[in-house]
Amino acid sequence: MAGVKHSNGHKIEGVLPASEPELAGPAIEAESVAFDLETTLSAVRPLKSSVPADCHSAATLGTEREGNAVLIDESGLFLTIGYLVVEATDVLIGGPGGSVMHAQPLGYDHETGFGLLRTVDKPEFEPIRLARDADSLTPGARVVVASAGGAGRALDAHVADRRLFAGSWEYMLDSAIFTAPLHPSWSGAALIDPESGMLCGIGSLFVQGPGGEDEDEQGNMFVPIELLNPIFDDLMQYGRRSGPARPWLGMHATEALGHLVVAGVFDGGPADNAGIRPGDVVEQIEDDSIDTLEALYRRLWSVGEAGTSVKLGIIRGATGMDIFVRSGDRRDFYKLPRRH
């Protein structure tokens with residue numbers, strides 16, 4: 001089974017909610033928004049997916065995944081966070097009155113994290129309208145964060161910050177949306193403008209310190225909706241964005257005390273094949289000094305397309321060395337949706 005070689009029990013934390021605890025703040029009131037709350041929230045549905053154990057993502061994301069999906073087209077097109085459906089062979093979406101709709105994954109984009117899927121049957125509820133962008137959601141702006149379950153699962157929240165987010169799994173957004181307080185069912189949740197009722201983002205993560213300062217505060221990170229439009233046609237037609245892929249190393253790195261430490265590498269991935277090990281400290285890429293994930297990714301993605309050789313300067317114990325990694329296309333490690 002393809003997986004991750006662990007270092008000190010490393011795994012992707014804060015991805016999938018484990019249960020349905022109470023909201024950490026007030027639920028939204030119908031009279032406090034400028035749209036039909038019940039109709040709009042009906043577009044947010046529960047999602048369950050199953051992934052074969054031999055798939056690349058099974059080791060980090062599991063074989064059984066649960067979250068939310070948002071209906072964006074009356075024909076049955078749903079938008080969700082892609083890690084819920086990547087490599088999934090069986091996807092179920094909750095319908096009205098406890099019914100279940102079978103769905104097929106259409107596409108997944110690693111760079112944004114968006115996933116698209118379509119139900120076999122046409123849903124009997126209304127889709128939500130998509131905002132053109134989320135530019136109006138600046139820090140302090142009021143928002144609705146909604147998971148499946150109607151108004152009782154829709155949080156009256158606010159934007160805590162708009163800033164860069166860099167994840168350990170070779171993922172970065174330049175202007176992610178951070179909200180507070182925490183919604184406990186964040187995966188694929190809907191970020192809704194309380195004035196227009198339009199969808200402005202899709203829930204991705206649990207985060208500490210959503211405002212960037214108070215690490216005791218808890219919140220969520222959302223992928224802004226404006227990142228969907230440039231790739232929408234590609235996802236619908238090909239199941240992935242077209243064009244050359246970014247170079248991928250296949251390693252998890254974390255920032256620690258001013259250094260970048262390799263926390264894990266994927267079995268059979270580029271870093272693993274080159275001899276990178278958990279615990280290595282990455283000090284340089286292409287002879288440029290780096291100490292943050294942002295610096296690592298910007299330099300890595302500037303070297304060329306997937307397949308390009310990348311020079312990493314590392315420290316292992318007390319020894320410094322250069323290791324050349326033949327980068328790969330991350331998409332080659334994932335099984336595409338069956339229709340593609």
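Could you list, in sequence order, all residues of segment 59-97 that are among the acidic types (D, E), touching a residue at least 60 places away in the same chain (Cβ under 8 Å) and either part of a strand (DSSP E or B) or at negative phi (or both)? E66 - this is the single residue of segment 59-97 that is among the acidic types (D, E), touching a residue at least 60 places away in the same chain (Cβ under 8 Å) and either part of a strand (DSSP E or B) or at negative phi (or both). In the set (1) touching a residue at least 12 places away in the same chain (Cβ under 8 Å); (2) surrounded by fewer than 20 Cβ atoms within 10 Å (Cβ to Cβ), the condition left unmet by I177 is number (2).
Within segment 262-296, the set of residues being assigned to a strand (DSSP E or B) and under 22 Å from the mean Cα position of the chain (by Cα) comprises V262, A263, G264, V265, F266.
Restricting H102, H56 to those that are modelled with pLDDT under 95 and either assigned to a strand (DSSP E or B) or buried (at least 23 other Cβ atoms within 10 Å of the Cβ) (or both) reduces the list to H56.
Of all residues assigned to segment 327-336, none qualifies as being buried (at least 16 other Cβ atoms within 10 Å of the Cβ) and more than 19 Å from D109 (Cα to Cα). In segment 107-121, the residue that is farthest from the chain's Cα centre (by Cα) out of those that are modelled with pLDDT of 95 or more and under 22 Å from G95 (Cβ atoms) is T119.
Against the conditions (1) surrounded by fewer than 21 Cβ atoms within 10 Å (Cβ to Cβ); (2) β-branched (V, I, T); (3) within 21 Å of H56 (Cβ to Cβ), V281 satisfies every one except (3).
The values are calculated or read from the model by the stated rules, or taken from the named source; none is laboratory data. What you are looking at is a predicted structure, and each value in this text was computed from that prediction instead of being measured. Every residue, glycine among them, receives a Cβ derived from its backbone with ideal geometry; neighbour counts consider all protein chains shown.
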